[in-house]
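Single-structure report; data block below.
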Amino acid sequence: MARIKFTTDSASDIPAALREELDIQVLPFPIAMGDRELRDGFDFTPQEFYEMLLAAPQIPTHAQLNPFVFTEVFESAWEEGYTDLIHTSINSKGSATCSNAFQARGDFYRDHPEAEGTFHIHIIDALNYTMGYGWAVVQGAEMAKKGARPQEIVDFIQDWVDHVRVIFSPLDLRFAKKSGRVSAAAAFVGEALGLKPIMTFIDGESKILAKVRGEKAVAAKLTEMCRAERRPGTPYLMILGNNEEQSGKLLEACRQALGEEPALSFHIGGVIAINAGPNLIGVIYRT
């Protein structure tokens, strides 16, 4: 009988209550804030981090997860008797973390050739961020509780990340421009005209889908795009930052346009906030 371990990184933004309930091991990115090193998603709540981020004299930095982190995880899971480990990773085009996981898997099997037939390490490159892949991990863990086979779960997660759409608007572009990791935001011009970008990731690359005039138009545009693209009968998720007013408007617009509540509303964590800024709203759905 299969015994499955689920792992992911903290940029997946899986809420603490869900990861604890479903026994998902979330590997925290280290965030350097001044002379302190913090563990993303563990040493602070999202709301606490927004305040720290806005008060920081310099934008904090975060490091990749190195191969040693993954080697320890693989070793522990194997020693604990798991038959399968399913790791879903942050976008490989934005972080070396994913390639480090693949490197660690190769090193593990080189050091433990006897494990190859009995302990299967599955690594999925999400080519995306936040609950664009975190939601798939949550659903995979739910499937495992109901007895789904490992390959069935891997196929589900891969299918979700292949078809998920994360659309969002950074309402304040200061952080995205300074970090430079969201290249489309860094190159965006139009703030002086009051324009706000609607963004996504396609094959791991950031893209601007639309520009709207003024903050008030953002919620309506996000809702319109979700309604047009979302596959009928599939859930949608609400991305929240520190802008309660615009988050409330987006929630109400989606409720009216889609006729149902979001499957989950969640706050972005530290890594996402550093690179996109805490002042954003967005929607996640399957196309």
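Within the range 158-198, restricting attention to residues that are within 20 Å of ILE239 (Cα to Cα) and among the acidic types (Asp, Glu), the residue that is modelled with the lowest pLDDT is ASP172.
Summed over the range 1-28, residues that are closer than 23 Å to TRP78 by Cα and in a loop (DSSP other than H, G, I, E, B) total 6. ILE123 fails exactly one of the following numbered conditions: (1) modelled with pLDDT under 95; (2) in a strand (DSSP E or B). What is the number of that condition? The one condition ILE123 does not meet is (1). If you go through the range 59-97 and keep only what is polar (S, T, N, Q) and in contact (Cβ under 8 Å) with a residue 24 or more places away in the chain, you end up with THR61, GLN64, ASN66, THR71, THR83, THR88, SER89, ASN91, SER92, SER95, THR97. Within the range 116-138, track down each residue that is surrounded by fewer than 22 Cβ atoms within 10 Å (Cβ to Cβ) and of a type in the set (Ser, Thr, Tyr). Matches in the range 116-138: THR118 only. Residues being surrounded by 20 or more Cβ atoms within 10 Å (Cβ to Cβ) and assigned to a strand (DSSP E or B) are represented in the range 239-254 by at least one member.
For beta carbons closer than 8 Å, sequence separation of 6+ or different chains, a first residue in the range 190-216 that is in the same structural domain as GLY277 (by TED's automatic domain parsing) and surrounded by 12 or more Cβ atoms within 10 Å (Cβ to Cβ) and a second that is hydroxyl-bearing (Ser, Thr, Tyr) and in a helix (DSSP H, G or I), the qualifying pairs are GLU205/SER183; SER206/SER183.
The listed residues are ARG227, ARG174, and the only one of them that is under 22 Å from LEU53 (Cα atoms) and either surrounded by 14 or more Cβ atoms within 10 Å (Cβ to Cβ) or touching a Gly at 6+ places or on another chain (Cβ under 9 Å) (or both) turns out to be ARG174. Being part of a helix (DSSP H, G or I), touching a strand residue (DSSP E or B) at 6+ places or on another chain (Cβ under 9 Å) and surrounded by 15 or more Cβ atoms within 10 Å (Cβ to Cβ) is the requirement here; does PHE49 meet it? Here the answer is yes, as PHE49 does meet what is asked.
Scan the range 39-76 for residues that are farther than 30 Å from GLU114 by Cα and either among the polar types (S, T, N, Q) or in contact with a Leu (Cβ under 6 Å, 6 or more places away or on another chain) (or both) and the total you get is 4.
The values are calculated or read from the model by the stated rules, or taken from the named source; none is laboratory data. What you see is a predicted model, and the numbers here were worked out from it, not measured in a lab. A quick note on method: Cβ atoms are made from the backbone with ideal geometry, for glycine too, and the neighbour counts reach across all protein chains shown.
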